[in-house]
Amino acid sequence: MLKYREHQGSFYDADYICEQLIPQDSFYRKFREIVAPLLKDKQFESMYCKDNGRPAISPALLAMATILQFHKDLSDREMEQACMYDIQIKYALGLSLDERPFDHSSLGDFRKRLLENGKEKEIFDRILSHLIKQGLIEKNEIQRIDATHVIADIAVPTMVQLVKKSIFEILKPLKGRYKDAYERIASEIDMTEYTRESVNSEGPGRPDAEKKKRKLVEVVNDARAVLRQTRAVGDKDIRKKKDMLRRILQENLEKDQDGEVKEKQHQEKPKDMLVSPIDPDARCGRKSKTKKFIGYRANVAETVESRFITNIVVMPGNRNDGKTAVETIIEQKGLGLIPAKVIGDTAYGEGLIRKQLKEHGSEMIAPLCTIRSPHARLVYPKSMFKYDEKKKTLTCPQGVTTRESFRDYQKDITIYHFPLSNCGKCQVRSKCTNSADGSFQTVSCNEQSSSLY
Ligand code: SF4
């Protein structure tokens, strides 16, 4: 149940005592003057039950505390302490000196509630909208976009741990809600393997390859027993966790020649495979050719002149930066922002992104995407071809010029062909093309990016 924050002035209020102490240009004073009035309990009303449960801590206070927590890079417990003992934080939040406003767990609960109610951008949008109203951001101001990786807060499990954790996640709710099924499983498998303490372990000592293999067979048999004994359980949450376990088994395991279970080679596993039952949306991504990470990628857009972040869109770690580029820009339309131009790197240079942004009144300025499709690997990249914007011709590395082209309207690109009469006799054809018949080279280009050739 929502409880509105009532504030009655008291001798112990931090503002009475700190008015002289906090400098005029202090971040905390500005936060209190500008950000605090933008956040009201009423805006979060829909996240709370109207007439049931204990009165909640003021959501506006928790929203402000969350912003300050991230600004100072504090953990939930550190933020709880700061709210009690840090005079600047108390001043910014309008707390009295003797006030202990909330337990650290309230911050986590509040974040969860924001996500569950689709309000995770509420605070961000309110502040952004205020900046636009104040004229600090021009509605068509040029923006730049780039992606950064976000590492998931999970330990990277081994294959055995991954299966064990998935079983543990099913057994947890089963124990309380479906005692019969739980008892049947307990009679088939060793439950001491699936306690909170032992679920991350593969047994005592450092396991050698043979021991690991035996353990894997053992836990897979346990997984099958769990799936079998819970067939009649209709609970949505448990069904979801069972699907996750099935998916992990299918994506990672196969049978060897003797019919024994074994882990698939890395290259045989699907690219979009699940990496953790604790954080099922996290994926394995790459920071560079050699550095991998598990987690997410976030596309961040910011204004070039005023340097305010205008949107952040998060996607799984294995997605290409350009995948949510259009979404990152056009979502801002709701606040009235339509950047005249968006600047990005090569990942944003695809024709389709350019076309979609153009339809929304924005122009993508990015180097032409030279990422080649898998079947075109090991051939000359597009950057080795020269485009003549005036003559609308394309010249290949061997100096052959072609006008033969057609427009792909779906992607908003032009595709150039080099004829067989030239390519057929070419000395470097094997380096230039691997098209099925090896007859000619095709190159797609976006004419707006002609300067990039
Ligand atoms: S194969 Fe054709 S397009 Fe490629 S370099 Fe040779 S002539 Fe030019």
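At a glance:
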| read-out | value |
| --- | --- |
| For Ser129: the one exception among (1) part of a helix (DSSP H, G or I); (2) surrounded by 18 or more Cβ atoms within 10 Å (Cβ to Cβ); (3) at pLDDT 90 or above | (2) |
| Members of segment 260-290 found to be farther than 24 Å from Asn200 by Cα and at pLDDT 85 or above, listed by number | Arg286 |
| Among the candidates Phe31, Phe44, Phe102, Phe110, residue that is assigned to a loop (DSSP other than H, G, I, E, B), in contact (Cβ under 8 Å) with a residue 12 or more places away in the chain and outside the structural domain of Ile309 (by TED's automatic domain parsing) | Phe102 |
| Strands (runs of 3 or more DSSP E) wholly inside segment 275-344 containing at least 2 residues that are surrounded by fewer than 22 Cβ atoms within 10 Å (Cβ to Cβ) and touching a residue at least 60 places away in the same chain (Cβ under 8 Å) | 292-303, 309-316, 341-343 |
| Failed item in (1) farther than 28 Å from Pro280 by Cβ; (2) not in a helix (DSSP H, G or I), with Pro157 passing the rest | (1) |
| In segment 208-236, the residues that are among the polar types (S, T, N, Q) and either in contact with a Lys or Arg (Cβ under 6 Å, 6 or more places away or on another chain) or touching a residue at least 40 places away in the same chain (Cβ under 8 Å) (or both) | Gln229, Thr230 |
| Residue count for segment 187-201, restricted to those that are closer than 19 Å to Val160 by Cα and small (Gly, Ala, Ser) | 2 |
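The values are calculated or read from the model by the stated rules, or taken from the named source; none is laboratory data. As the structure is a computational prediction, the values presented were derived from the model and not from experiment. Every residue, glycine among them, receives a Cβ derived from its backbone with ideal geometry; neighbour counts consider all protein chains shown.
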